[in-house]
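Student: Dumping the structure here so I can ask a few things about it.
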Amino acid sequence: MSAVEVEVVEPDRPGVLAPQRLRTLQNVGMLCGLTAGAWLGAAEAPTKLVTLGLSPVVISLMMVIGVFLARWTLPALIQGTSYIVADLRQAPHLIVWAILAGCLWAVANTLTVFAVRDVGLSIAFPLWNSNSLLGILWGIVFFKELRGADWRRWLGVLGGAVLMFVGATALAIASASQVPAKDAARGIVAALSAGVMWGTMYIPYRKAYLTGMSPLSFVTFFTVGELGMMTVLALTYSGGAGALWTQISGARHILFWLLAGGFIWVIGDLFQQYAVKYAGITRGIPLSNTNQLWGLLWGILVFGELHAASGSLLAQVVGGSLVMAIGAGVIALSSVSRSEHVSWQEAAEREGARYGVRSDYTQARIAGEGGAIGATRRRSGLDWAVVGVATAIIVGFALVARPPQISIHVGWSMALIVATVAMLVAAGSALWRATRFN
């Protein structure tokens, strides 16, 4: 059903969606969350290169460069830079929030590489996905999510959060029995700290999308914070520009895979941001955190993690991940009621009034419409130049790339790739039909 075929707002209260339109946007948001989980899980596979002796900050820096290229290329292709510029003119204050969110992401991403090094991908993944718990708290406290919801929805969200905490605890205990005590503790702290960073990062996300900004516009400045912060971290940790360049040059044959990981991550992150926009933090983030299951699949099936583990330990790891996934599912299925959506609208009106954003712009964007910015989606010469430069950089790294010397199961990797692409097609088409990527 297209956006123009549905009565979007009720005449008695501007900005409150009609029930059918609200259900459509929620369903799209949940589908985007599931798709985000698949792509975010796949994007973490290149972090296994840390086992080859590469510095975690080099891995994170190259992934962030891939992220930077993708965050400018995809918006230029889908919406065009003129659309993005017009969008930012409506809410210029969000540029600062986007850069701040990017800085938080860069620190969190670096911590995840340390966590993978110390406790492995299949265990680290669920630990940093504790960001759901913090995201739920911020959604309730700052953005009136769950306000007006009945007791069943409160029970679903909070009960799901408890299940996720129990699953994460089981995985932390499992990790301590598999690696030296010092490494286990360091890896657990790194993974949980990444969760705190990412959980806090959702505050700028939600501010942007309640105000009305398109995710494709928000991420273009988000990546400025990412790249700037990651460059500072890499220079500091490596001991200066010369030492960093030596490490990058020595790893030039595998840098393409890290760039590709960053590009894949951006696709997942875009769907995650649409999930936050249309399903809220309390639903969208837990649903996208099904990436823990995809990370478990990549870690065990493709990279052979836990292949020598005992049956009881394997059951503990798989069981903990499944409990966390069930918790996320319970949260996601606690749909937004009409009265709760009224509270969302009040939060949006508050944000708009605080920063002087036009109300027609905010209302149209909450409804998933283009509205109120006066820009077309035509591609300019600048758009094609951005795409051309990014493509040339990626092709250049691909020409000198060599397959990393890591043992993988090709059959399982192909199966996971096919499933991931299928979810992209399904979610992308649904998002286009419902919102035109607004």
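The values are calculated or read from the model by the stated rules, or taken from the named source; none is laboratory data. In this text the structure is predicted, and so the values were computed from the model without any measurement. Ideal geometry is used to build each Cβ from the backbone, glycine not excepted, and the neighbour counts take in all protein chains shown. The protein model used for the area step is the full one, side chains on, heavy atoms only, and it has no ligands, DNA or RNA in it. Shrake-Rupley method; radii C 1.70, N 1.55, O 1.52, S 1.80 Å.
Student: Which members of the stretch 295-328 meet the condition of being open to solvent by 40 Å² or more (accessible area, probe 1.4 Å) and part of a helix (DSSP H, G or I)?
Tutor: Residues of the stretch 295-328 that are open to solvent by 40 Å² or more (accessible area, probe 1.4 Å), as a first pass: 297, 300-301, 303, 307-308, 310-312, 314-316, 318, 322-323, 326.
Listed by number, the residues that qualify are LEU297, ILE300, LEU301, GLY311, SER312, LEU314, ALA315, GLN316, VAL318, LEU322, VAL323, ILE326.
Student: Right, something else. In this structure, does ASP150 turn out to be of a type outside the set (A, V, I, L, M), touching a residue at least 24 places away in the same chain (Cβ under 8 Å) and either in contact with a strand residue (DSSP E or B) (Cβ under 8 Å, 6 or more places away or on another chain) or surrounded by 24 or more Cβ atoms within 10 Å (Cβ to Cβ) (or both)?
Tutor: Working: of a type outside the set (A, V, I, L, M): yes; touching a residue at least 24 places away in the same chain (Cβ under 8 Å): yes; either in contact with a strand residue (DSSP E or B) (Cβ under 8 Å, 6 or more places away or on another chain) or surrounded by 24 or more Cβ atoms within 10 Å (Cβ to Cβ) (or both): no.
In short, no.
Student: Separate question: Looking at ILE99 and the list (1) within 14 Å of VAL266 (Cα to Cα); (2) of a type in the set (A, V, I, L, M); (3) open to solvent by 10 Å² or more (accessible area, probe 1.4 Å), which single condition is not satisfied?
Tutor: The number of the failed condition is (1).
Student: Only residues that are closer than 21 Å to VAL410 by Cβ and acidic (Asp, Glu): list them for the stretch 257-299, please.
Tutor: Of everything in the stretch 257-299, nothing turns out to be closer than 21 Å to VAL410 by Cβ and acidic (Asp, Glu).
Student: Report whether or not VAL400 is of a type in the set (Val, Ile, Thr), without any contact (Cβ under 8 Å) to a residue 12 or more places away in the chain and more than 25 Å from GLY148 (Cβ to Cβ).
Tutor: Taking the combined requirement at face value, the residue does not satisfy it.
Student: How many residues, within the stretch 241-281, are more than 15 Å from MET62 (Cα to Cα) and of a type in the set (Lys, Arg)?
Tutor: So the answer is 1.
Student: What's the number of the condition SER288 fails, among (1) farther than 29 Å from ALA161 by Cβ; (2) within 24 Å of the chain's Cα centre (by Cα); (3) at pLDDT 80 or above?
Tutor: Failing condition for SER288: (1).
Student: Looking at the stretch 249-268, which of its residues are part of a helix (DSSP H, G or I), open to solvent by less than 20 Å² (accessible area, probe 1.4 Å) and at pLDDT below 90?
Tutor: Those that are part of a helix (DSSP H, G or I), open to solvent by less than 20 Å² (accessible area, probe 1.4 Å) and at pLDDT below 90: LEU255, LEU258, LEU259, GLY261, GLY262, TRP265, VAL266.
Student: If you go through the stretch 52-66 one residue at a time, do you hit one that is open to solvent by 50 Å² or more (accessible area, probe 1.4 Å), among the small types (Gly, Ala, Ser) and either free of Cβ contacts under 8 Å to residues at least 24 places away in the same chain or assigned to a helix (DSSP H, G or I) (or both)?
Tutor: yes
Student: Okay, moving on. Yes or no: PHE271 surrounded by fewer than 24 Cβ atoms within 10 Å (Cβ to Cβ) and hydrophobic (A, V, I, L, M, F, W, C)?
Tutor: no
Student: Now for a different question. Given the criteria out of contact with any Asp or Glu (no Cβ under 6 Å at 6 or more places or on another chain), in a helix (DSSP H, G or I), open to solvent by 10 Å² or more (accessible area, probe 1.4 Å) and of a type in the set (S, T, N, Q), does SER132 qualify?
Tutor: It is false that SER132 is out of contact with any Asp or Glu (no Cβ under 6 Å at 6 or more places or on another chain), in a helix (DSSP H, G or I), open to solvent by 10 Å² or more (accessible area, probe 1.4 Å) and of a type in the set (S, T, N, Q).
Student: Still on this structure: Could you tell me which of the residues ILE136, ILE84, ILE59, ILE78 is modelled with pLDDT under 85 and more than 19 Å from the chain's Cα centre (by Cα)?
Tutor: After ruling out the rest, the residue left standing is ILE84.
Student: Can you name the number of the only condition in (1) buried (at least 23 other Cβ atoms within 10 Å of the Cβ); (2) over 27 Å from GLY120 (Cβ atoms) that ILE331 fails?
Tutor: Of the numbered conditions (1) buried (at least 23 other Cβ atoms within 10 Å of the Cβ); (2) over 27 Å from GLY120 (Cβ atoms), the odd one out for ILE331 is (2).
Student: Only one of THR290, THR246, THR200, THR236 is farther than 28 Å from GLY80 by Cβ, buried (at least 22 other Cβ atoms within 10 Å of the Cβ) and hydroxyl-bearing (Ser, Thr, Tyr); which?
Tutor: Criteria check complete, one pass: THR290.
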